[in-house]
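S.K.: I am attaching a structure below and will ask some questions about it afterwards.
The values are calculated or read from the model by the stated rules, or taken from the named source; none is laboratory data. Everything numeric in this text was worked out from a predicted model, so none of it was measured. Here the Cβ positions follow ideal geometry from the backbone for every residue, glycine too, while neighbour counts run over all protein chains shown. The area values use the complete protein model at the heavy-atom level, side chains included, leaving out ligands, DNA and RNA. Shrake-Rupley method; radii C 1.70, N 1.55, O 1.52, S 1.80 Å.
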Amino acid sequence: MQLTTHTDYALRLLIFIAVRKDSTPARVQDAAARYGISANHVAKVAQTLVQLGYLHSFRGRGGGLALAMPAESINIGALVRRTENLRLLECFGPDSKCPIDPACVLKRALAEAQQAFLQVLDGYDLSDLVVNGDVLYELLGRP
């Protein structure tokens with residue numbers, strides 16, 4: 001499985017915000033600079049995370065982003081399900097035109113593999129990803 005850049009950046013942004021020791025909201029530009037990625041892309045990801053309820057956005061001077069819930073409440077499997085298109089093949093959708101769809105073992109195998117992948121991610125929440133927060137904090141240049 002390969003996650004999209006959008007999901008990758010979503011996970012990175014959540015980690016960035018979770019390891020901050022400062023109580024002020026995190027800025028998109030700071031996260032983008034620390035990871036060496038486009039601020040425009042991070043801004044789009046932040047917008048998605050706000051819409052999904054993972055982040056709060058604060059406008060104006062001193063504005064930025066903050067977690068909308070405790071890190072323990074942000075399940076990684078659920079986040080991936082909400083940010084990814086999990087249709088591995090055309091036949092995973094309701095309008096499959098494949099003539100062997102009803103008897104296809106490949107489709108069943110891929111669906112099983114995908115479920116196993118997501119089931120592993122379901123065992124992690126954001127707090128698990130930042131258990132080494134002090135090290136991450138240092139590596140990110142003390143965000």
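S.K.: Per residue, how much accessible area does the chain show when a 1.4 Å probe rolls over the protein heavy atoms, in square angstrom?
M.R.: Ligands and nucleic acids excluded, the figure is 60 Å² per residue.
S.K.: Also, quick follow-up: Which lysines, if any, have their Cα less than 28 Å from the Cα of K107, not counting same-chain residues under 8 positions apart?
M.R.: Within the straight-line limit of under 28 Å, K107 reaches these lysines: K97.
S.K.: A further question follows. Please enumerate, by chain and number, the aspartates and glutamates with C-alpha under 20 Å from the C-alpha of K44, excluding those fewer than 8 residues away in the same chain.
M.R.: Partners found: D8, D30, E84.
S.K.: On to the next question. Compute the long axis of helix 5-19 from its Cα atoms, compare it with the longest principal axis of the Cα atoms of the chain, and write down the angle in degrees, 0 to 90, nearest 10.
M.R.: Compared with the principal axis, the helix lies near 40 degrees.
S.K.: Enumerate the calculated ³J(HN,Hα) couplings along segment 84-94 in order (Karplus 6.51 cos²θ - 1.76 cosθ + 1.60, θ = phi - 60°), each rounded to whole Hz, writing x wherever the residue is Gly or Pro.
M.R.: 10, 8, 8, 7, 5, 9, 4, 6, 6, x, x
S.K.: Then there's this: Read through the labelled values (1) 11, 40, 34, 12, 2, 0; (2) 11, 36, 29, 14, 8, 2; (3) 12, 46, 37, 6, 0 and report the label of the one computed as P(r) over Cα pairs in 10 Å bins from 0, in percent from the structure.
M.R.: (2)
S.K.: At a 1.4 Å probe, what is the % contribution of carbon and sulfur to the accessible area of the chain?
M.R.: Ligands and nucleic acids excluded, carbon and sulfur give 53 percent.
S.K.: Can you list the chymotrypsin sites (Phe, Trp or Tyr not before Pro) in segment 75-143 that are in a DSSP coil and have 16 or fewer other beta carbons within 10 angstrom?
M.R.: Passing both the DSSP loop test and the Cβ count: Y124.
S.K.: If packing is taken as the average number of other Cβ atoms within 10 Å across a peptide's residues, how do 69-81, 5-17 rank, most packed first?
M.R.: Highest to lowest by the protection proxy: 5-17, 69-81.
S.K.: Helix 39-51 against the longest principal axis of the chain: what's the angle in degrees, Cα atoms only, rounded to the nearest 10?
M.R.: Around 70 degrees separate the two axes.
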